[in-house]
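Right, one structure below, let's go through it.
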Amino acid sequence: MTSKGTGKAPKGYRKPSYGAAGRHARIVYELLDRPHGWSFEAIQNELQISERTIFRYVAALREQLVDSEGRLRMLYPSSVRSPRRRTLRPL
């Protein structure tokens, strides 16, 4: 997606990369084997990404991973403030 006439991405847009796509897929794949969830801290350590990046990934996955009726397929308890206790879980 580019701004009209400039050929540049609009401000605030971050172009995804193959690496990011692979990490998104890895999160989804790992969740299939973790019915009780995967902590944000463990995801960050395993994928070597920052807390900010995991929040971006979760936002993208929550927006895109819906069933045919538009229902969310992943959930994490947003009320938990500690990164060690924050968990991404399949629904």
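Just so it is clear, none of the values below were taken in a lab; they were calculated from the coordinates. Predicted model only: the values in this text are computed from it and were never measured. Ideal geometry is used to build each Cβ from the backbone, glycine not excepted, and the neighbour counts take in all protein chains shown.
Laid out as a table, the results:
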item: Cβ charges +1 (Lys, Arg) and -1 (Asp, Glu), total dipole of region 18-90, debye; result: 260 debye
item: Debye-sum result for region 14-62 in log10 I(q)/I(0), which assumes one identical scatterer on each alpha carbon, at q = 0.23, 0.26, 0.31 Å⁻¹; result: -0.86, -1.11, -1.49
